[in-house]
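All remarks here apply to the structure that follows.
Bear in mind these aren't lab numbers, they're just calculated from the coordinates by the rules spelled out. Being a predicted model, the structure only gives us computed values, none of them experimental. Every residue, glycine as well, gets a Cβ built from its backbone with ideal geometry; the counts of neighbours run over all protein chains shown.
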Amino acid sequence: HPTTLIPYAERIKAHTNPTAIKILQIMDRKKTNLAVSVDVSTAAEALEVVRRVGASVCMVKTHVDIFEDFTPAFTEELVRLSKKLDFVIFEDRKFADIGNTVSLQYSSGVHKIASWSDLTNAHSVPGPGIIAGLSKIGQPLGRGLLLLAEMSSKGSLAVGGYTEETFKMAQEAGREFVIGFIAQNRVDKAELLKEKEGEREDYLIMSPGVGLAAKGDSLGQQYRTPRECVVDSGADVIIVGRGIYGVSGGEAAVRDEAERYRKAGWEAYEERLKL
Ligand code: 6AU
């Protein structure tokens, strides 16, 4: 795939969305394609994990609706840490409703996601209105959106024609707001990429379901190694949750594990540039 042979730094010029540019700049600057998912049950614990792994990641992914103790103080502190430790914030909200509803869910409620999260994601199942509803809120703020084109879980229905139509929906919407996909493969197939005035269409592929130890969990999650994701399947960013924050051995162990995944992801990226 042509995109996978281009260094992250060189891909910056193919983007106009501020969040996409920021992600690629951070990846290049910190030598990391690792995103850590902090799916712990309290905001306090999540901030502890972020302080430990922040130096090793390009992105911190949250599910703020999991926290028992969510307050706006959490997002204030997360934003402060994102500036201090140089990472992008990704609230993994997986919007899945009509445009009008998702624009309210994105801007309002307790979480006010658009006000603090650089990046979020959405299912394509409702059709292009979901992108229009989210972009109305997020694009003026410089936010970015990923569409879920495939999932890591066993038996996922996001395959074949669904995946292809999701790619086309993103392509139709344009790259001002939709900057890539949650997927297990390069869903932006080379033959579908268009060139406009010499500018390549460039999408960021972010892959969850990554583990160096486990092969899966008891609820259908399936893991691949960083190398399988980045070299074999062409992922740009690897997303790791339990593999990092779930490691036993306390604070230092979590920090070391994040470094181990960062190295594995970066070595895989360097390997694929030589293909
Ligand atoms: O590494 P884990 O299994 O502990 O966590 C994986 C994280 C979770 C999931 O909600 C999320 O990645 N995820 C997603 C995302 C990021 O959208 C899609 C998917 O297909 N599989 C998946 O696990 O926070």
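Quick look at the numbers
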{"read-out": "GNM result for the chain, Cα springs below 10 Å: residue of Ser37, Ser124, Ser108 fluctuating most strongly", "value": "Ser108"}
{"read-out": "Kirkwood Rh and Cα Rg combined as Rg over Rh, evaluated for segment 51-191", "value": "0.97"}
{"read-out": "Expected 222 nm ellipticity per residue - DSSP helices of 4 or more, -39500 (n - 2.57), all of the chain, to 500", "value": "-11500 deg cm²/dmol"}
{"read-out": "Dipole magnitude of the chain about its Cα centre (Cβ charges: Lys, Arg +1; Asp, Glu -1), debye to nearest 20", "value": "420 debye"}
{"read-out": "Entries in Lys13/Lys194; Lys13/Lys136; Lys94/Lys196; Lys154/Lys189 that, when Cα-Cα distance is taken, lie over 26 Å", "value": "Lys94/Lys196"}
{"read-out": "Among Met59, Asn17, Ala73 - extreme Cα towards positive end, dipole of segment 1-137, charges at beta-carbon", "value": "Asn17"}
{"read-out": "Two-site label geometry, Leu273 and Lys83: point separation in nm, points 7 Å out along Cα→Cβ", "value": "3.1 nm"}
{"read-out": "Scattering profile of segment 172-275 at q = 0.24 Å⁻¹ [log10 I(q)/I(0), Debye over alpha-carbon scatterers]", "value": "-1.28"}
{"read-out": "Unit charges at the beta carbon, dipole of the chain: most positive-side option, Val88, Tyr223, Gly174", "value": "Val88"}
{"read-out": "Loop-located trypsin sites (Lys or Arg not before Pro) in segment 159-240 whose Cβ has at most 15 other Cβ within 10 Å (DSSP)", "value": "Lys189, Lys194, Lys215"}
{"read-out": "25 °C / 0.890 mPa s Stokes-Einstein diffusion coefficient of the chain, Kirkwood radius on C-alpha pairs, µm²/s", "value": "132 µm²/s"}
{"read-out": "Modelled label reach - Glu76, point 7 Å along Cα→Cβ, segment 95-114 residues with backbone N closer than 18 Å", "value": "110-114"}
{"read-out": "Rounded to 5, percent antiparallel among DSSP beta bridges of the chain", "value": "10 percent"}
{"read-out": "log10 of Debye I(q)/I(0), alpha-carbon scatterers only, for segment 67-137 at 0.13, 0.15, 0.20 Å⁻¹", "value": "-0.40, -0.52, -0.83"}
{"read-out": "Listed residue (Asn121, Thr4, Gly142) projecting farthest to the positive dipole end of segment 1-159, Cβ model", "value": "Thr4"}
{"read-out": "Two-decimal log10 I(q)/I(0) for segment 159-217, as the Debye equation yields it once each C-alpha is a single scatterer, q = 0.14, 0.18, 0.22 Å⁻¹", "value": "-0.46, -0.68, -0.91"}
